[in-house]
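To start, the structure under review is shown below, and the notes come after it.
Only the coordinates and a few stated rules stand behind these numbers; no lab work does. Everything quoted here is computed from the prediction, not taken from an experiment. Note that we place each Cβ from the backbone using ideal geometry, even for glycine, and neighbour counts take in every protein chain shown.
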Amino acid sequence: MRLLGLYCGSTAHVRIRPRPHRLRYRIFMLLLELGAASTAKPRLFSVGRFNLLGFEPRDHGDGSDTPLKAQVEARLAAAGIVGGGAIRLLCMPRVLGRGFNPLSVYYCHARDGRLAAVLYEVNNTFGERRCYLIPAEPDDAGRTRQTCAKDFYVSPFMDMALDYDFDVAAPDAAARIAITARDAQGPVLQAWFTGHRSEPTDANLLRAWIIHPWMTLGVLAAIYVEAVKIFLKGEPVRPRRAGARSSGAEDPVAAQ
């Protein structure tokens with residue numbers, strides 16, 4: 001596994017209705033190429049063991065010891081998507097051995113280098129995980145727009161009967177992920193991450209750790225803080241229910 005880049009920036013969520021709410025936090029993410037031979041690694045980053053910053057493969061995919069690249073390739077093959085190229089993962093690292101990724105994004109390339117699909121890996125605070133695998137057709141500017149139905153319980157303050165619109169591009173000098181959750185009346189929530197790339201040197205990793213306090217205190221802590229704020233605004237809690245549009249075992253290929 002090769003560490004390709006460090007992306008420092010911020011994430012923001014804007015709830016539009018029924019009760020407006022905004023949040024913005026500075027975070028950083030790492031871009032890794034799955035299955036690639038590792039070159040010189042910074043001392044402050046490790047895979048599968050404790051360090052200031054780290055990556056634990058079992059935090060992703062099915063949680064097993066099966067290599068992540070093989071897991072993603074199996075999903076692509078099952079969905080009839082022709083890949084065969086690089087698979088790059090944009091995610092937050094573990095910090096001092098602890099971490100939580102609400103969203104990790106796999107950019108799956110074909111042998112000719114074009115972006116063939118994007119796999120969105122979503123975790124909720126109940127220890128559940130869901131993947132949305134969607135074919136990609138980048139436009140001339142390299143942007144990919146995709147849509148799928150929500151079928152996984154994430155926030156107790158969001159309805160299940162929603163659709164997601166994604167607007168992404170394969171990371172290069174910058175990384176941008178924009179997501180809109182909408183119902184029949186229009187957008188309900190808009191969320192995005194934007195970050196600029198720097199080399200993943202020890203100096204840059206240390207600087208990122210120092211200037212992004214929520215990455216140290218814990219993303220989960222920020223989630224709970226914002227949940228309390230939303231609850232105090234009078235937003236009702238949506239209970240988890242089994243059945244349609246709930247967490248499922250299969251990872252559908254959603255239409256664009």
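Structure notes:
- Subset tally (residues that are within 17 Å of residue 108 (Cβ to Cβ), of a type outside the set (Gly, Ala, Ser) and part of a helix (DSSP H, G or I)) for region 58-77: 7
- In the set (1) farther than 19 Å from residue 211 by Cβ; (2) part of a strand (DSSP E or B), residue 49 fails one condition alone, (2).
- Only one entry of 43, 49, 15, 19 meets the criterion of being out of contact with any Ser or Thr (no Cβ under 9 Å at 6 or more places or on another chain), of a type in the set (Lys, Arg) and crowded, with 21+ Cβ neighbours inside 10 Å, and that entry is 15.
- In region 209-229, the residues that are without any contact (Cβ under 8 Å) to a residue 24 or more places away in the chain and within 27 Å of residue 19 (Cβ to Cβ) never reach a residue that is of a type in the set (A, V, I, L, M) and surrounded by 13 or more Cβ atoms within 10 Å (Cβ to Cβ) with C-beta atoms less than 6 angstrom apart, at least six apart or across chains.
- Criterion violated by residue 151 - all others in (1) farther than 26 Å from residue 184 by Cβ; (2) in contact (Cβ under 8 Å) with a residue 60 or more places away in the chain; (3) part of a loop (DSSP other than H, G, I, E, B) satisfied: (1)
- Residue match in region 102-112 (condition: out of contact with any Ser or Thr (no Cβ under 6 Å at 6 or more places or on another chain), free of Cβ contacts under 8 Å to residues at least 40 places away in the same chain and basic (Lys, Arg)): yes
- The lone criterion from (1) free of Cβ contacts under 8 Å to residues at least 40 places away in the same chain; (2) closer than 28 Å to residue 2 by Cα; (3) under 15 Å from the mean Cα position of the chain (by Cα) left unmet by residue 165 is number (2).
- Residue 159 vs. criteria in contact (Cβ under 8 Å) with a residue 12 or more places away in the chain and not in a strand (DSSP E or B): yes
- Each residue in region 96-145 was checked for being assigned to a strand (DSSP E or B), under 20 Å from residue 11 (Cα atoms) and not basic (Lys, Arg), and 12 pass.
- Hits in region 108-129 - residues which are out of contact with any helix residue (DSSP H, G or I) (no Cβ under 8 Å at 6 or more places or on another chain), of a type outside the set (A, V, I, L, M) and surrounded by fewer than 21 Cβ atoms within 10 Å (Cβ to Cβ): 109, 111, 112, 113, 114, 123, 124, 126, 127, 128, 129
- Residues of region 219-232 satisfying the condition of being under 16 Å from residue 101 (Cβ atoms) and surrounded by 15 or more Cβ atoms within 10 Å (Cβ to Cβ): 219, 222, 223
- Of all residues making up region 168-203, the number that are surrounded by fewer than 18 Cβ atoms within 10 Å (Cβ to Cβ) and not in a strand (DSSP E or B): 8
- For region 9-33, a tally of residues being in contact with a Leu (Cβ under 8 Å, 6 or more places away or on another chain) and either free of Cβ contacts under 8 Å to residues at least 60 places away in the same chain or assigned to a strand (DSSP E or B) (or both) returns 10.
- Selection count, region 133-167, where residues are surrounded by 14 or more Cβ atoms within 10 Å (Cβ to Cβ), closer than 26 Å to residue 230 by Cβ and either touching a helix residue (DSSP H, G or I) at 6+ places or on another chain (Cβ under 9 Å) or not hydroxyl-bearing (Ser, Thr, Tyr) (or both): 16
- Where residue 43 falls short, out of the listed (1) touching a helix residue (DSSP H, G or I) at 6+ places or on another chain (Cβ under 6 Å); (2) free of Cβ contacts under 8 Å to residues at least 12 places away in the same chain; (3) of a type in the set (Lys, Arg): (2)
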